[in-house]
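A.B. asks: My structure is below; once you've seen it, I'll send some questions.
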Amino acid sequence: MENLMFVYCSSKIIWTLLVTILGYASSLPVRDDSICTAEELAKYSIIFTGKWSQTAFPKQYPLYRPPAQWSSMLGVTHSSDYSMWKKNEYASNGVRDFAEKGEAWVLMKEIEEAGEKIQSVHGIFSAPAISSGTGQTSTELEVRSRHPLVSFVVRIVPSPDWFVGIDSLNLCEGDHWMEEVSVDLFPYDAGTDSGFTFSSPNFATIPQDTVTEITCSSPSHPANSFYYPKLKILPPIAQVTMVKLKKNQLGLPIPHLNQPAKSNEILDSISETPLDCEVSQWSSWGLCRGPCRKPGTKTRTRFVLLHPANNGTPCPNLDEETGCEPDNCV
């Protein structure tokens, strides 16, 4: 009888432990690349299209020293064990250097160390810079079933520490690779520089902030170059398209490399963002002018801070006059 009770208690304990372990396992997050059963290798062309035009983003649009442009693209194909950058997390030193100055050496070292340490990175890819706000650049990338995720960054030039990019886009769908995917891109703040405008001087953010998406209302400051409070959402500032290459396409050059965007498809998708006029506060009233013992006039002025664009609200009067009695008359 005692042996039977021992077996019963032992079985009950083992069953309880199994239920606990299975319950814990079911609560664990599923890795993005754990269920990829597609063919081992796939190659893609990746085309980056800049949509940063003066029509879509008229506020403080950089026209010179330097004009609006894009840095080179730096990206990786990797597993879920690696992360180049993530929204609401702190940027690495490499991402900071790239977002602030366009320097890639530290970021490349971080990528290489991750690949050597935990075999989480399969390949690095890059594409040439674009010398204007609108244009295209492209390259090829290679993914594997163990490394199906794509991440990249492109710096917005000029800017304090702003960039666009993708974080861990999975090109594998179960047992096959996606044939084509397009993603609209919006600006991000790396959280390492506190400038509000494209041409702001270097002013380090201390303590460092997390990576945040820049919207038409955040940061909520009129000086912000992307501040358009009348919009519900910013128009995409760029777009990236990845197309799976057929076997007979491998190694062929990709057309339209680093060329200005000229196709109707690209131009037609650019929004016209209205920009209202902004004026300064009124100056103090000037001296009262006029003959003694007769009504005189005095004026005050203001000046334009921001000229309107794309049918935005026009500027109001910049001068105002009112009646007065001359002072110090003899």
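The values are calculated or read from the model by the stated rules, or taken from the named source; none is laboratory data. Please read these numbers as outputs of a predicted model, since none were measured by experiment. Cβ atoms come from the backbone with ideal geometry, glycine included; neighbour counts cover every protein chain shown. Ligands, DNA and RNA are stripped out before the accessible areas are found, and what is left, the full protein with its side chains, is counted by its heavy atoms. Shrake-Rupley method; radii C 1.70, N 1.55, O 1.52, S 1.80 Å.
A.B. asks: Among the numbered criteria (1) among the small types (Gly, Ala, Ser); (2) in a loop (DSSP other than H, G, I, E, B); (3) within 24 Å of GLY135 (Cβ to Cβ), which single criterion is violated by SER83?
C.D. replies: Against the list (1) among the small types (Gly, Ala, Ser); (2) in a loop (DSSP other than H, G, I, E, B); (3) within 24 Å of GLY135 (Cβ to Cβ), SER83 comes up short only on (3).
A.B. asks: So, in the range 167-216, exactly how many residues are part of a loop (DSSP other than H, G, I, E, B), open to solvent by 20 Å² or more (accessible area, probe 1.4 Å) and in contact with a Phe, Trp or Tyr (Cβ under 7 Å, 6 or more places away or on another chain)?
C.D. replies: Residues in the range 167-216 being part of a loop (DSSP other than H, G, I, E, B), open to solvent by 20 Å² or more (accessible area, probe 1.4 Å) and in contact with a Phe, Trp or Tyr (Cβ under 7 Å, 6 or more places away or on another chain): 3 in total.
A.B. asks: Could we say that SER126 is open to solvent by 10 Å² or more (accessible area, probe 1.4 Å), touching a residue at least 12 places away in the same chain (Cβ under 8 Å) and either part of a loop (DSSP other than H, G, I, E, B) or out of contact with any helix residue (DSSP H, G or I) (no Cβ under 9 Å at 6 or more places or on another chain) (or both) here?
C.D. replies: Criteria met by SER126.
A.B. asks: Something else now. What's the number of the condition SER120 fails, among (1) over 20 Å from the mean Cα position of the chain (by Cα); (2) open to solvent by 10 Å² or more (accessible area, probe 1.4 Å)?
C.D. replies: Going through (1) over 20 Å from the mean Cα position of the chain (by Cα); (2) open to solvent by 10 Å² or more (accessible area, probe 1.4 Å) one by one, SER120 breaks only (2).
A.B. asks: Something else: Do we find a residue being over 25 Å from GLU142 (Cα atoms), of a type in the set (Phe, Trp, Tyr), within 17 Å of the chain's Cα centre (by Cα) and surrounded by fewer than 19 Cβ atoms within 10 Å (Cβ to Cβ) anywhere in the range 63-79?
C.D. replies: No: zero hits.
A.B. asks: Give the range 271-330 a look and list any residue that's polar (S, T, N, Q) and in contact (Cβ under 8 Å) with a residue 40 or more places away in the chain, or say none.
C.D. replies: SER271, THR273, ASN310
A.B. asks: Moving on to the next point. Hey, any hits in the range 242-262 for a residue that's farther than 20 Å from SER182 by Cα and at pLDDT 70 or above?
C.D. replies: Yes, the range 242-262 contains at least one residue that is farther than 20 Å from SER182 by Cα and at pLDDT 70 or above.
Table: residues versus (1) within 19 Å of LEU169 (Cα to Cα); (2) out of contact with any Asp or Glu (no Cβ under 8 Å at 6 or more places or on another chain); (3) outside any loop (DSSP other than H, G, I, E, B); (4) of a type outside the set (Lys, Arg).
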site	(1), (2), (3), (4)
ALA99	no, no, yes, yes
MET108	no, yes, yes, yes
GLU113	no, yes, yes, yes
LYS117	no, yes, yes, no
HIS122	yes, no, yes, yes
GLN136	no, yes, yes, yes
LEU141	yes, yes, yes, yes
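A.B. asks: Hey, could you check the range 266-297 for residues that are of a type in the set (A, V, I, L, M) and open to solvent by 70 Å² or more (accessible area, probe 1.4 Å) and say which is modelled with the highest pLDDT?
C.D. replies: Result: LEU287.
A.B. asks: Also, quick follow-up: Condition check: outside any loop (DSSP other than H, G, I, E, B) and touching a Gly at 6+ places or on another chain (Cβ under 8 Å). Does THR297 satisfy that?
C.D. replies: yes
A.B. asks: Which residue pairs have Cβ atoms under 7 Å apart, sit 6 or more places apart or on different chains, and have a first residue in the range 190-204 that is closer than 15 Å to GLN60 by Cβ and a second that is surrounded by 20 or more Cβ atoms within 10 Å (Cβ to Cβ) and among the β-branched types (Val, Ile, Thr)?
C.D. replies: Cβ pairs passing all conditions: none.
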